[in-house]
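Visitor: After the structure tokens below, expect a handful of questions from me.
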Amino acid sequence: MKNPDFSAACPLPISQYPHVLMAHGGGGTLMHRLLEDVFGRAFSNPILDTRHDSAQFTVPPGRLAMTTDSYVVRPIFFPGGDIGSMAVHGTVNDLAMSGARPLYLSCAFIIEEGLPMATLWRVVCSMREAAQKCGVPIVTGDTKVVDKGKGDGLFINTTGIGGIETDQVISPQSVQPGDAVIVSGDLGRHGMAIMALREGLGFESAIESDSAPVHEAVLALLIAGLEIHCLRDLTRGGLASALNEIAEAAGVKIGITSQWIPVHEEVRAACEMLGLDPLQVANEGRFVAFVAAKDAARALEILRRFAVSAAASLIGTVGERSAPLVTIKSELGVSRILDMPSGEQLPRIC
């Protein structure tokens, strides 16, 4: 439920402080106002409201998962999301890949001097809404202001703690020959949404990022008692990177089939224009699951109940234990090696 006292207007007077100043990070009155009136007001909850140097909270018994990530996307706002919501989604999704329910988040903002205060407030509001929808409070954080020209606007770091609700060991080392390989939805939209905006590519309909939380879909698989061996979100390097990393860690061959992999036509067209492979493009709301073959059909049925994974598809299988190798079969039935991406294809997209 939204806070009825929460206003969409920035609580700091824009006319007086239209841009972030170095003094907003200097430890004095302006920094106090920034922390209290912007971050404190947006993220208010009983733990954060103690205003202590560290958050104190209770965690459920059992195993915990912890993850941290930094977000440097440019531009800050893009079709389907922004750096704030993506920071929440990305951290929640990392926890979900261990089978964990998100419990608490921290966030740190590195703000470049001169960033419009209205921009910062818009990001903070988006982050607050995303955290609220995921049911996870932001309980501690930090801000730093850096000199103009040294921060590219805004960077965000988030750390998450989650409770693992399964006895299964979900990791690349748990992958078994014969496992079904399932992707949770269409690929490449996040990276192409940003590149289309950055490069001014025009399409009949705008490509929107897939940025979204996936933890509810993952938890549904676990609650159903399915045998899940490995989960991996498909961020930097996309599907190609994830499969190669897992094949190497598990010591197996993985074979996938091209026509079974969902990719929107707009994304495919954008990739062709830019000379990119959609299987190497980053996603922010997609994951690959390695599931025991006996549970593959049930896994697809469950995933397709959720909007974020409605286009889930079986794309291949795990082969024998051997030297790590990932292959992809074309529509003509010809197989080729799907390599790990080399170099930096898409700078500043996550």
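Every read-out reported here was derived from the displayed coordinates using simple, explicitly stated rules and does not represent laboratory data. Keep in mind that what you see is a predicted model, and the values were worked out from it rather than measured. Heads up, the Cβs are rebuilt from the backbone with ideal geometry, glycines too, and the neighbour counts pull from every protein chain shown.
Visitor: All other residues with a Cβ under 13 Å from the Cβ of Ser313 taken together, and with Lys, Arg as +1 and Asp, Glu as -1, what is their net charge?
Guide: That sum, taken over residues with Cβ under 13 Å, equals 0.
Visitor: What ranking, highest mean first, results for peptides 156-166, 54-64 when packing means the other Cβ atoms within 10 Å averaged over each residue?
Guide: So the order, starting with the most tightly packed, is 156-166, 54-64.
Visitor: Need one number: nm distance between label points at Leu64 and Asp147, each 7 Å from Cα along Cα→Cβ, rounded to one decimal.
Guide: It works out to 3.9 nm between the two label points.
Visitor: To test your reading of the geometry: what angle, between 0 and 90 degrees and rounded to tens, separates the Cα axis of helix 265-274 from the longest principal axis of the chain?
Guide: The angle comes out near 80 degrees.
Visitor: Taking just the C-alpha trace of the chain, give me its Rg and Dmax in Å.
Guide: When restricted to the Cα atoms of the chain, Rg and Dmax are 21.2, 67 Å.
Visitor: If you take every residue apart from Leu12 with its C-beta less than 12 Å away from the C-beta of Leu12, what net charge results, scoring Lys and Arg +1 and Asp and Glu -1?
Guide: Local charge sum for Leu12: 0.
Visitor: A further question follows. Compute the acute angle (0 to 90°) between the alpha-carbon long axis of helix 189-199 and the principal axis of greatest extent of the alpha-carbon atoms of the chain; round to the nearest 10°.
Guide: Roughly 60 degrees between the two axes.
Visitor: For the chain, what is the mean residue ellipticity at 222 nm derived from helices alone (per DSSP H run of n ≥ 4: -39500 (n - 2.57); sum divided by total residues; nearest 500 deg cm²/dmol)?
Guide: Here the helix-only value at 222 nm equals -7500 deg cm²/dmol.
Visitor: So which trypsin sites (Lys or Arg not before Pro) in segment 76-156 end up in coil per DSSP with only 10 or fewer other C-beta atoms within 10 Å?
Guide: Qualifying residues, ordered by number: Lys150.
Visitor: Right, something else. Of Pro116, Pro213, Pro278, which is the most mobile in a GNM of the chain whose springs link Cα atoms less than 10 angstrom apart?
Guide: Greatest mean-square fluctuation among the candidates belongs to Pro116.
Visitor: Local charge sum around Leu222 (other residues, Cβ-Cβ under 12 Å, Lys/Arg +1, Asp/Glu -1)?
Guide: Residues close to Leu222 contribute a combined charge of -4.
Visitor: Just want to confirm a number: the relative contact order over the chain, from Cα pairs under 8 angstrom separated by 6+ residues, in percent.
Guide: 21
Visitor: What does the charge dipole of segment 56-196 about its Cα centre add up to, to the nearest 20 debye, if the Cβ of each Lys and Arg holds +1 and the Cβ of each Asp and Glu holds -1?
Guide: With only Lys, Arg, Asp and Glu charged at Cβ, the dipole is about 220 debye.
Visitor: Also: Nearest 10 degrees, 0 to 90: what angle lies between the long axis of helix 238-250 and the longest principal axis of the chain (Cα atoms)?
Guide: Roughly 60 degrees, rounded to the nearest 10.
Visitor: About its Cα centre, what dipole magnitude does segment 153-271 give when the only charges are +1 on Lys and Arg Cβ and -1 on Asp and Glu Cβ, stated in debye to the nearest 20?
Guide: Around 300 debye, computed over segment 153-271.
Visitor: Taking the C-alpha atoms of segment 172-337, how large are the radius of gyration and the largest Cα-Cα span, Dmax, in Å?
Guide: Rg and Dmax of segment 172-337, Cα atoms, are 15.6, 46 Å.
Visitor: Suppose R0 equals 35 Å. What FRET efficiency, 1/(1 + (r/R0)^6) with r the Cβ-Cβ distance, do Glu320 and Leu197 give to the nearest 0.05?
Guide: E between Glu320 and Leu197, to the nearest 0.05, is 0.20.
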